[in-house]
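J.: I am attaching a structure below and will ask some questions about it afterwards.
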Amino acid sequence: MSANQDTFKKIISHSKEYGFIFQSSEIYDGLSAVYDYAQNGVELKNNIKKYWWASMVQMNDNIVGLDSSILMHPKTWKASGHVDAFNDPLIDNKDSKLRYRADVLIEDQITKIESKIQKEINKAKKRFGDSFDEQQFIKTNHRVLDNKKKIDDITKAMKKCFDDDDLVELKKLIDNLGISDPVSGSKNWTEIKQFNLMFSTKIGASSDSASEIYLRPETAQGIFVNFLNVQKSSRKKIPFGIAQIGKAFRNEIIARQFIFRMREFEQMEMQFFVKPGTQSEWYKKWKESRMNWHKSLGISEDNYRFHDHDKLAHYADAACDIEFKFPFGFKELEGIHSRTNFDLTQHESHSGRKLKYFDPEISESYVPYVVETSIGLDRMFLAILSSSYVEEELENDSIRTVLKIPPFLAPQKAAILPLVKKDGLSEYARKIFDNLKIYFNVTFDEKDAIGRRYRRQDAIGTPICITIDHDSIKDDSVTLRFRDSMEQIRISVSKLRSEIDKCTSLSNWLN
Ligand code: ATP
């Protein structure tokens, strides 16, 4: 097992042990690719939502919020193209009986070649030491160049298959690349078929096919069909945006990698409506702005990269992903898409209603163009969890496991820990807890030795521990212990609120 896989396994079991994520319906052996957020998980998830919402809606006076329903009129999904085209290319391995997405098998092959390039670079780095010029090496080393060409060729061939909708050629590509089942090693593949990812159900008591509806596969369409309602009632002028956080459902073919690919998940989407012709300028602006948002979290910048799409969705004139270095490699975290006027025009023609905006500046009506930013909340959760999980060797040779979650996102902002239960310390600490709980999520723990209690708080990412000892009762002072540095300071109880606020308040991050 590679070191990264090993870390990933540890993160998954840490999530369960410390109340972040449980498998759904675990007592019935679980439901594949469906997860529940436990007591600490739900706090972290809510804090990520709050941060995204504040960055979008609170910080931009031209963006407003929406909470549209999961169930929508079935014509919505005909108009959006999901009924006819929301498919993934499915391929089965005849020996292992395992099912895969053909494009993912090919992309994994590309990732393997990318890691070969990285290995060459690392080897050369070691050999040449300080004098190593990485850019020069990438441009000139023949093994790197050969591998880069291979990646280019595969990417182009795959794009052509999708452009031509040619599943036979796509299968040939898998055969020619010698791609084998990652689990069994078998190369005995079936033909490729298209598989629609939407979950369907019936509305009301009627069983005829006209009553078939879908669980939404994205939150975006709820925004599009409400576009004019929101614009008119908010009196916003273009350019303006509508933001929404909500559940989406996809019957994913492969459902591995924990909460990275789920069948029920949450999206945080913002659709920005702009004047036709200005979309590419806004696309660039949002691309930059979203990357800055990620970087503002203080997670190492090496974990992020852009991936510009060669294969554009039917609705887009430009698209990219922000990819994150998950323990299993760089994968999509957020999509930024210039969606043209495709969705609004489609809804106009399927509903027979006008979705035009009257632009007072040019005294003309038009269907606006749309730039979308769409991030998976669960993938963001995994990005934060996996980048903050650290095993630190201490001076006494013991290991402490600590979640270095950005403090304002931490499930608990502070833990109140009386050194012992007796001598009135417990009662004194309770009073501190009662005063602070009005302002912050704080927790109280008086069981076990203080060292073990610190470790428990480290493991859930609590940024500050407040220890109450015998002196506290005499002089109203307490010890603050900071999670990352383990530094301890003594402060007056009267300063606790401002100290916690300084370290953990969301407003410090919003700028
Ligand atoms: P992928 O290529 O990984 O299937 P996608 O390109 O289909 O993703 P989008 O339709 O652009 O994804 O959705 C926007 C965001 O929603 C993605 O960037 C991702 O963070 C999130 N997302 C999509 N599918 C899932 C899923 N099955 N589980 C969790 N998050 C998801």
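J.: Of the residues V390, V371, which is within 16 Å of the ligand (Cβ to nearest atom) and aliphatic (A, V, I, L, M)?
T.: V371
J.: Within region 286-341, can you find the residues that are out of contact with any Cys (no Cβ under 7 Å at 6 or more places or on another chain) and among the aromatic types (F, W, Y)?
T.: The answer is W286, W293, Y304, Y315, F324, F326, F328, F330.
J.: Hey, another quick one. Give region 1-36 a look and list any residue that's on the phi < 0 side of the Ramachandran plot and among the charged types (D, E, K, R), or say none.
T.: Residues satisfying the conditions are D6, K9, K10, K16, E17, E26, D36.
J.: Is region 235-257 home to any residue that is free of Cβ contacts under 8 Å to residues at least 24 places away in the same chain, more than 16 Å from the ligand (Cβ to nearest atom) and more than 13 Å from D67 (Cα to Cα)?
T.: yes
J.: Which residues, counting only those in region 156-208, are more than 23 Å from R256 (Cβ to Cβ), of a type in the set (D, E) and within 29 Å of the chain's Cα centre (by Cα)?
T.: If the condition is that a residue be more than 23 Å from R256 (Cβ to Cβ), of a type in the set (D, E) and within 29 Å of the chain's Cα centre (by Cα), then D163 is the only one that fits.
J.: Residues being over 21 Å from V83 (Cβ atoms) and either among the aromatic types (F, W, Y) or touching a residue at least 60 places away in the same chain (Cβ under 8 Å) (or both): count how many of those fall in region 326-353.
T.: Of the residues in region 326-353, 6 are over 21 Å from V83 (Cβ atoms) and either among the aromatic types (F, W, Y) or touching a residue at least 60 places away in the same chain (Cβ under 8 Å) (or both).
J.: So which residues in region 223-238 are over 12 Å from L355 (Cβ atoms) and surrounded by fewer than 18 Cβ atoms within 10 Å (Cβ to Cβ), if there are any at all?
T.: S233, S234, R235, K237
J.: Could you please find all residues in region 316-340 being of a type outside the set (A, V, I, L, M, F, W, C), more than 8 Å from the ligand (Cβ to nearest atom) and crowded, with 21+ Cβ neighbours inside 10 Å?
T.: Within region 316-340, P327, S338, R339 meet the criteria.
J.: While we're here: Just give me the residues in region 431-455 being in a strand (DSSP E or B) and hydroxyl-bearing (S, T, Y), in sequence order.
T.: Once the filter is applied, which keeps residues that are in a strand (DSSP E or B) and hydroxyl-bearing (S, T, Y), region 431-455 yields only T443.
J.: Condition check: more than 22 Å from K49 (Cα to Cα), part of a strand (DSSP E or B) and within 11 Å of the ligand (Cβ to nearest atom). Does H307 satisfy that? Spell out how you get there, then give the answer.
T.: On the way: more than 22 Å from K49 (Cα to Cα): yes; part of a strand (DSSP E or B): yes; within 11 Å of the ligand (Cβ to nearest atom): yes.
It is true that H307 is more than 22 Å from K49 (Cα to Cα), part of a strand (DSSP E or B) and within 11 Å of the ligand (Cβ to nearest atom).
J.: What single numbered condition from (1) surrounded by fewer than 20 Cβ atoms within 10 Å (Cβ to Cβ); (2) within 27 Å of L385 (Cα to Cα) fails to hold for C465?
T.: Unmet for C465, out of (1) surrounded by fewer than 20 Cβ atoms within 10 Å (Cβ to Cβ); (2) within 27 Å of L385 (Cα to Cα): (1).
J.: Return yes when D308 is farther than 23 Å from A243 by Cβ and among the acidic types (D, E) and no when it is not.
T.: Against the criterion (farther than 23 Å from A243 by Cβ and among the acidic types (D, E)), D308 qualifies.
This table checks each residue for (1) free of Cβ contacts under 8 Å to residues at least 40 places away in the same chain; (2) among the β-branched types (V, I, T); (3) assigned to a helix (DSSP H, G or I).
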{"site": "D84", "(1), (2), (3)": "yes, no, yes"}
{"site": "V104", "(1), (2), (3)": "no, yes, yes"}
{"site": "T111", "(1), (2), (3)": "no, yes, yes"}
{"site": "Q135", "(1), (2), (3)": "yes, no, yes"}
{"site": "I138", "(1), (2), (3)": "yes, yes, yes"}
{"site": "K150", "(1), (2), (3)": "yes, no, yes"}
{"site": "S184", "(1), (2), (3)": "no, no, no"}
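J.: Looking only at region 259-281, filter to residues that are buried (at least 17 other Cβ atoms within 10 Å of the Cβ) and more than 10 Å from the ligand (Cβ to nearest atom); which one of those is farthest from L333 (Cα to Cα)?
T.: For region 259-281, the residue satisfying everything is K275.
J.: Give all pairs with beta carbons closer than 6 Å in which a residue from region 302-314 that is more than 22 Å from F162 (Cα to Cα) meets a residue that is charged (D, E, K, R) and in a strand (DSSP E or B); count only pairs at least 6 apart in sequence or on separate chains.
T.: Final answer for the pair search is N303/K325; R305/E323.
Every number in this text was worked out from the coordinates using simple rules, so none of it is lab data. The shown structure was predicted, so the numbers you read here are calculated from the model rather than taken from an experiment. Positions of Cβ are backbone-derived with ideal geometry, glycine not excepted, and every protein chain shown enters the neighbour counts.
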